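S.K.: Dropping a structure here in structure tokens format, bear with me for questions.
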Amino acid sequence: MGFGFGQQRGGDLPVERTSFVGRADELDLIRRELAGNRLVTLVGPGGVGKSRTALRGAALLKERFPDGVWLVELSALRHAELLPSTLATVLELPEQSGMAPIDAVVAHLRERRLLIVLDTCEHLVDACGVLCDLLLREAEGVSVLATSRQPLDVPGERCVPVRPLGPSDASELFAQRAAAVVPGFAVSDDGDRARVTALVERLDGIPLALELAAVRLRAVPLAELVARLDQRFEVLTGGRRSAHTRHQTLRTAIGWSYELCTPRERLLWARLSVFAGPFDVSAAEAVCGGGDLARDEVLETLIGLVDKSVLQRLGDTGTRYRLLDTIREYGAARLEQADGGGAAAVRDRHLEFHRELGRRFWDEFLTPAQVTLHRALRDRIADVRAALRHAFASEERAVHGLRLAAQLAAYWRAAGTLSEGRFWIDKGLSLVRADCSERAWGLFMTGVFAVWTADLERAVDRFTQARETAARTGDERVARFTDAYLGAMTALSGDVENGMAELEDARRRIIAADDGLGIAVVHCEGALLRAVLGDTAGALGLCGTGLAFLQGTGDRQLYGSTLVVQGVIRWLAGEHEASTDPLRRGLEAASEVGEVLVAALACLVLAWHSALHERYARAARLLGYAENARRFGGDPVAMLPSLLEQQESVQRTVREALGRERFERCWQAGARMSGSEVLAAVREDADAPEGPDVHEDADAHKDADAQGDADVPPAPASSVAVSVPGARRAPAEAAGVRALTPREREVAALVARGLCNREIAERLVISKRTADAHVVHILAKLGITSRRDIPPMPD
């Protein structure tokens, strides 16, 4: 995994999957307004195309912004307090010790010239307004392009209205979408032109309404489509055109799509609205199956919603899906109208699904599943937040939310979002006042967060409360963990002898309990403490013990951290050449889970090694990456005086060797490098580590629909939050085959016999699109990327 911190793409603009029609005037206005103003907001109703227009406009302006264009998608964010940390995440900016996320963002942006696209601001309009006002005042090189249903009301804001398409563009959009649905469709005569004109007029030129209407051509010809649409509006408005607003137009178009769905499809649409972000089939089955929609009916029903363009398939493998915001809102309203508490039951299943993900992350942390689970959490973080919101909406469920938020502690650290983790845990602690194991763990984890951010006073307070709660509830595991950290705090406060004795006693108890997580943590962080206290030999001994324990477990996060700590200590002990191997291996391990802070420390010391060998340009670039990703103001590592002295000495040496101007140029180049780029540079041992272009050509990948019988390629690095360098999918195993439904086994057996998807569709009397979808899900469940790897099915 490269250390990307974005929402899916690390802030990169998504590839356009359908043609872009019209908007020449709006795009020209965006260009002109951003030439003289730094905040431009596209304002218009839902479904009118604000997001698509903003993305096209931003893409056309990329050359103006040397530090890039960064997309911040806000539709799934519901807590204004998390807006700064969300922006920091997109900017690939890990949290800074002793700094609030907004301060770190401003410090990062002050020296940069970039464009931020804030998409879907209307539900966070006040928070977005405050953020933009601050950025305009504090970061003069930053411009913002926002989309919202209302202005942000910020001084200096310029609003660009995004209105429905004009008749010509609306007709062209409908014709293009219709041709995608019905091959060979064309507006070929005056009658067709008149019908399309009437249709786009009736739908007010709203793009989403036009696209939904185009899908209907699969079932009825154009003339009948227009007649049915006219009849529907006559019923709703009583023939009074003035009574029909654009909002009603869109809602009517969506409602018509809803009514043309089967009862099962309508039910699934409503239930899927609980997902805040993209989801896969397994999640849809777990959350939406039940009652009138059996779990084994979800996939076929979901395929029907894809066929009707209610759901969008994402990525090149097409194994994930999403609802557009407006369509989700409609489904949510239908879900709330359901009788018998249906909405609460679906949200409870959604919470339980993500509680199970949290349990797996906790229970399988020291196993080969760790990397996959980190990826799953990054992919599902919008829904983890939604699940936590639901948990904390009720005192009865709050204890489940507190447990989930605490179980994700290692994720919050790797993702660089400790403040978000602390936000959720503190929310749970405020609701769960009674003594219980969940409260003890929440107090303990926020104490650990305080250590990682050098807030030692807060750490001691939280550890003390956690220890007292553990004693009252009989939770011996929390007691052992907190005793170890309290011993370390005592040693750091000056009482070294007693503190180290307490830590050593806790370490022995942890080993005696065969607590794998505790063993790994106490040796890694204990080694760092001994290094702080000047016991290099003892520190290296603890590293060796910890690494020996972790070897072969499948863990990458703690293994990488311990290797990097070992490399740092070896460097400070004068073992300069011996330090590089653990640093490089630690960097590789850290990259697999996106642990950017650990990776930054590895790059820092590798920069010192480059300077030692007079490779000054490389040293400056690595310093730029490391220092940009990690500030040493209050980091626990900064308690190593020799580390700080070494850092200052190396920077002076490199600056003098290169000269101020060249040093700044190289340093800035490094600061702009992504985690994937710096990892490639370290692997190649390159003197000019500009790194590979991690963004794939948009034409290199096609939709799964278009691929037909082609192999499904792995997702490009830019399509996920993190990517695994050199990773290979596991071969198909018996467990994967058992996960296939009976229909999927039928399809898999025919694929293994060499039939193409069209032949399979004919053999099983299903549509080719359904066969395509089955093959995609078979590949995903078996963990393979090529249909050639599908094994023969057992009888």
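S.K.: With a probe of 1.4 Å, find how much accessible area region 270-330 has per residue, and write the answer as a whole number in Å². Please report the intermediate quantities before stating the final value.
M.R.: Values: 1770 Å² over 61 residues.
Per residue, region 270-330 has 29 Å² of solvent-accessible surface.
S.K.: OK, next. Please report, as a whole percent, how much of the solvent-accessible surface of region 165-232 comes from carbon and sulfur atoms (probe radius 1.4 Å). Write down the numbers at each step before the final one.
M.R.: Values: 1550 of 2990 Å².
Carbon with sulfur: 52 percent of the solvent-accessible area.
S.K.: Could you state the orientation-averaged shadow area of the convex hull built on the Cα atoms of region 383-514, in nm² to one decimal?
M.R.: Values: hull surface 32.3 nm².
Mean projected area of the Cα convex hull: 8.1 nm².
S.K.: Report the gain in length on full extension from Ala24 to Asp435: 0.36 nm times residue separation, minus Cα-Cα distance, nm rounded to one decimal. Present the calculation step by step, with values, prior to reporting the outcome.
M.R.: Values: separation 411, 0.36 × 411 = 147.96 nm, distance 6.20 nm.
This chain segment gains 141.8 nm when fully extended.
S.K.: If DNA, RNA and ligands are ignored and the probe is 1.4 Å, what is the ranking of Arg788, Arg158 by accessible area, most exposed first? Walk me through the numbers before you get to the answer.
M.R.: Details: Arg788 185, Arg158 105 Å².
These residues rank, largest area first, as Arg788, Arg158.
S.K.: Using label points projected 7 Å from each Cα along Cα→Cβ, tell me how many nm separate Thr367 and Asp426, to one decimal.
M.R.: About 3.4 nm separates the two model spin labels.
S.K.: Rounded to the nearest 10 Å², what accessible area does Phe365 have for a 1.4 Å probe in the complete protein model?
M.R.: Using a 1.4 Å probe on the heavy atoms, I get roughly 20 Å².
S.K.: Let me ask something else about it. Would you list Lys781, Lys308 from the most to the least accessible area, probe 1.4 Å? Display every interim value, and only then the final one.
M.R.: Numbers: Lys781 65, Lys308 40 Å².
Reading off the accessible areas and sorting them downward yields Lys781, Lys308.
S.K.: In terms of Cα to Cα distance under 12 Å, which aspartates and glutamates are near enough to Lys308, apart from those fewer than 8 places away along the same chain?
M.R.: List returned: Glu211, Glu259, Glu265.
S.K.: With every protein chain in place, what's the accessible area of Ile784 (1.4 Å probe, Å², nearest 10)?
M.R.: 10
S.K.: Now for a different question. Tell me the label-point distance for the pair Glu504, Ala180, using the 7 Å Cα-to-Cβ offset, in nm and rounded to one decimal.
M.R.: Going from the Glu504 label point to the Ala180 one covers 6.9 nm.
S.K.: Now, a different point. For a quick check of your reading of the filter: which GluC sites (Glu not before Pro) in region 350-456 sit in a DSSP loop and have no more than 16 other Cβ atoms within 10 Å?
M.R.: Details: sites: Glu352, Glu356, Glu364, Glu395, Glu396, Glu420, Glu438; in loops: Glu364.
Filter output for region 350-456: Glu364.
S.K.: Need one number: the % of Cα-Cα pairs in region 445-546 sitting beyond the 21 Å mark.
M.R.: 27
S.K.: Hey, another quick one. Once R0 is set to 35 Å, what does the formula 1/(1 + (r/R0)^6) return for the Cβ-Cβ distance between Ala107 and Ser394, expressed as a FRET efficiency to the nearest 0.05? Show your work: numbers first, answer last.
M.R.: Numbers: r = 39 Å, r/R0 = 1.11.
In this case the efficiency is close to 0.35.
S.K.: If you don't mind, another one. Taking the mean number of other Cβ atoms within 10 Å as a proxy for protection, how do you rank 737-750, 584-597 from highest to lowest?
M.R.: Numbers: 737-750: 17.7, 584-597: 25.6.
In descending order of packing, they fall as 584-597, 737-750.
S.K.: Taking 0.36 nm per residue of separation and subtracting the Cα-Cα distance, what length does fully extending Ala752 through Asp292 add?
M.R.: Numbers: separation 460, 0.36 × 460 = 165.60 nm, distance 3.44 nm.
Stretched fully, the Ala752-Asp292 segment lengthens by 162.2 nm.
S.K.: Which FRET efficiency value, to the nearest 0.05, do you get for Arg17 and Glu661 by plugging their Cβ-Cβ distance into 1/(1 + (r/R0)^6) with R0 = 51 Å? Intermediate results must be reported in sequence, preceding the final value.
M.R.: On the way: r = 44 Å, r/R0 = 0.86.
Step by step, r from the Cβ atoms, then E = 0.70.
S.K.: Now, a different point. Please calculate the 1.4 Å probe accessible area of Trp412, with all protein chains present, and give it to the nearest 10 Å².
M.R.: Answer for Trp412: close to 0 Å² accessible.
S.K.: Ala578 to Arg218: extension gain in nm, 0.36 nm per residue of separation minus the Cα-Cα distance?
M.R.: On the way: separation 360, 0.36 × 360 = 129.60 nm, distance 6.68 nm.
Result: 122.9 nm gained on full extension.
S.K.: Hey, can you find the accessible area per residue of region 350-449 for me, probe 1.4 Å, expressed in square angstrom? Walk me through the intermediate numbers first.
M.R.: Numbers: 3050 Å² over 100 residues.
Per-residue accessible area for region 350-449 comes out at 30 Å².
S.K.: When the solvent-accessible surface of protein heavy atoms is calculated with a 1.4 angstrom probe, in what order do His108, His400 fall, highest first? Intermediate values should be presented prior to the final figure.
M.R.: Details: His108 15, His400 65 Å².
In descending accessible area the options line up as His400, His108.
S.K.: A further question on this structure: Assuming R0 = 41 Å, can you tell me the calculated FRET efficiency for the pair Leu260 and Glu356, based on Cβ-Cβ distance, to the nearest 0.05? Display every interim value, and only then the final one.
M.R.: On the way: r = 35 Å, r/R0 = 0.85.
Calculated value: 0.70.
S.K.: Continuing with the same structure: How far apart, in nm, are the 7 Å Cα→Cβ label points at Glu648 and Glu468?
M.R.: 4.0
The values are calculated or read from the model by the stated rules, or taken from the named source; none is laboratory data. In this text, all values refer to a predicted model and were calculated from it rather than measured experimentally. Heads up, the Cβs are rebuilt from the backbone with ideal geometry, glycines too, and the neighbour counts pull from every protein chain shown. Heads up: the accessible areas ignore ligands, DNA and RNA and are worked out on the full protein's heavy atoms, side chains in. Shrake-Rupley method; radii C 1.70, N 1.55, O 1.52, S 1.80 Å.
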